[in-house]
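Quick notes on the structure that follows.
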Amino acid sequence: MWLSLAASYLFYGWWDWRFLVLLTFTITLDFTLGLRLHRTHDPQWRKRYLWASIATNLAVLGFFKYFNFFIDSTAAVIRAAGFEPAIHTLHIVLPVGISFYTFQSMSYTIDIYRREIEPETNYFRYATFVSLFPQLVAGPIVRARSFLPQFRSEKRFDWNRFTEGLGWCLWGFYKKVALADSLAPFVDQCFAAPETFSSSHLLVGVLLYSFQIYGDFSGYSSIAIGLAHIMGYQFPTNFNSPYFSKSFSEFWTRWHISLSSWLRDYLYIPLGGNRKGTFKTYRNLMLTMLLGGLWHGANWTFLVWGLLHGLYLVAQRLLSSSIERVEKVLCMPRWIQRGLALVTVYALTCFAWIFFRAPDLTIAFSIIRRIATLEQFNWTSVQNKFHVMQAAVMIIILLLAELINIRRNLTILIVQRPVFRVVAMALVLWLIAFFGTFDADSFIYFQF
């Protein structure tokens, strides 16, 4: 535990030692309030302690992440009214991973308030839980109920665990270095100056971005899971082949699972979930997805992204029975139903990704307009064709591996057969060396 804590603080402090103070403040606040919540039986005081934790955590997160956003938005409204405000923003540096460790620490006090867990009495053990370096800056968001008990057992080096964890890390590096970083230059050009490219080129850019962000973030998660496994810890799965989803509710059980489950357990269900009538169910879905969008960043584009996914979930509930009746009337084969559902979910997800990636709404709508015009909509107008074909090969490799995993469970196969494990790791190493981009500086989820 001591080694893990020291390594975690060294890791985080290497970026900017000043933010170790902020991290320690969050840890100390929720550790202290967690003990008070457990020892106090007065309902009013328990609520005060809970709200002290929630309000302080959200205030810190709001200041660093959203202060300038709200100032700029207010200034824009004042200018629209015909006045020129004398408003100055601050030069605020966003601490890496603040959204992840804030949500993780905040869920701890909420669970104690609900009497679902006992508080941790060892301060340094709790500090290790919040700051453990594999997941500190990009998740997954782990829960105290499943992760804190893991610190109470002694960790010893295990060769099988090491090779299994190394396999996770290598697969994560393939997704990050070979896939995401290789796609980044093409995608960046599309979103930097969409007016200079054809509709087909921009459409390819949007499709490639869907795999760039997936490779980027799921790559972090796989590396974090692998490192934790080597150290003797078990992290939850954070991605589970999301682009094979046949509905948006299924998509959110496969994409960024630790965040979507956090929003479900600590926002959607407390709001009432689907227990208080149809209208309130739709309201709760919209609020949850809007706040999920805002969690990703202080930009109107993230709010639109969250709004779209909220609308998708509402539309799915509204139209599901009608779609089922149409499928029965047409006697549509099951495989066609699934294929159409998969393509529809993926296409609408890509549409929402345009807003997620665009630096502002103007760029997002410019891309949508140019794609919709179908101007020069042909293969010859796509630039960097070799790059696109190489990307297609890497994406096919990823999807094939995920499809095989769905059918056969590759993890179990690799664990049970050491020879297969060695062959798989050697193949992934070769793919990283052959396709990898090693001079990129794109770390999408570090900004969250």
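Throughout, read-outs are computed from the coordinates displayed, never taken from laboratory work. These figures come from a predicted structure and were not determined experimentally. With ideal geometry, Cβ positions are generated from the backbone for all residues, glycine too; neighbour counts draw on all protein chains shown.
Determine the shape class of region 113-255: with a ≥ b ≥ c the square roots of the Cα gyration tensor eigenvalues, call it rounded for a/c under 1.5, and otherwise prolate if a/b is greater than b/c, oblate otherwise. Prolate shape, in that a/c is at least 1.5 and a/b is the bigger ratio. Counting only Cα atoms, the size of region 247-370 along its three principal axes is 47, 42, 25 Å, in decreasing order.
Shape call for region 174-303 from the C-alpha gyration tensor, a ≥ b ≥ c root eigenvalues: rounded (a/c under 1.5), prolate (a/b greater than b/c) or oblate? Oblate. For region 133-147, backbone phi angles converted through the Karplus equation (6.51, -1.76, 1.60; θ = phi - 60°) give residue-by-residue couplings of 5, x, 10, 5, 9, 8, x, x, 7, 9, 9, 4, 4, 9, 9 Hz, Gly and Pro being listed as x.
On the basis of the beta-carbon distance and an R0 of 56 Å, F365 and E116 show a calculated FRET efficiency of 0.80. For the chain, a Gaussian network of Cα nodes joined below 10 Å ranks T196, T109, T128 by mean-square fluctuation, and the top entry is T196.
Selection among A7, W168, Q316 by position relative to the dipole of the chain gives Q316 as farthest towards the positive end (Cβ unit charges, Cα centre). Shown is the FRET efficiency for R152 and L20, computed with R0 = 22 Å from the Cβ-Cβ distance and rounded to the nearest 0.05: 0.30.
Translational diffusion of region 99-138 was estimated from the Stokes-Einstein equation, with Rh taken as the Kirkwood radius over Cα pairs; at 20 °C and 1.002 mPa s the coefficient is 199 µm²/s. Expressed in Å, the radius of gyration and Dmax of the Cα atoms of the chain are 23.2, 72. Taking the Cα centre of the chain as origin and assigning +1 to Lys and Arg Cβ atoms and -1 to Asp and Glu Cβ atoms, the resulting dipole is close to 1520 debye. Distance between the C-alpha centres of region 344-362 and region 231-265: 19 Å, rounded to the whole angstrom.
Within the chain, the selection of entire DSSP H helices by a Cα span of 20 Å or greater along the long axis and an average Kyte-Doolittle value of at least -1.0 returns 2-15, 19-39, 43-80, 98-113, 159-173, 199-231, 278-296, 300-329, 334-357, 385-408, 418-435. Within the straight-line cut-off of under 29 Å between alpha carbons, the lysines reachable from K276 are K47, K246, sequence neighbours fewer than 8 places apart in one chain being disregarded.
Springs between Cα atoms under 10 Å define the GNM used for the chain, and in it the highest mean-square fluctuation of F420, F251, F129 occurs at F420. Between Q376, F244, F356, whose Cα lies farthest towards the positive end of the dipole of the chain when Lys and Arg beta carbons carry +1 and Asp and Glu beta carbons carry -1, centred on the Cα centre? The one lying farthest along the dipole's positive direction is F244. Give the shape of region 332-378 as rounded, prolate or oblate, defined through the alpha-carbon gyration tensor: a ≥ b ≥ c are the square roots of its eigenvalues, a/c under 1.5 means rounded, and otherwise the shape is prolate if a/b is larger than b/c and oblate if not. Oblate, because a/c is 1.5 or more while a/b does not exceed b/c. Comparing mean-square fluctuations of E120, E402, E327 from a GNM of the chain with C-alpha springs under 10 Å, the top value falls on E327.
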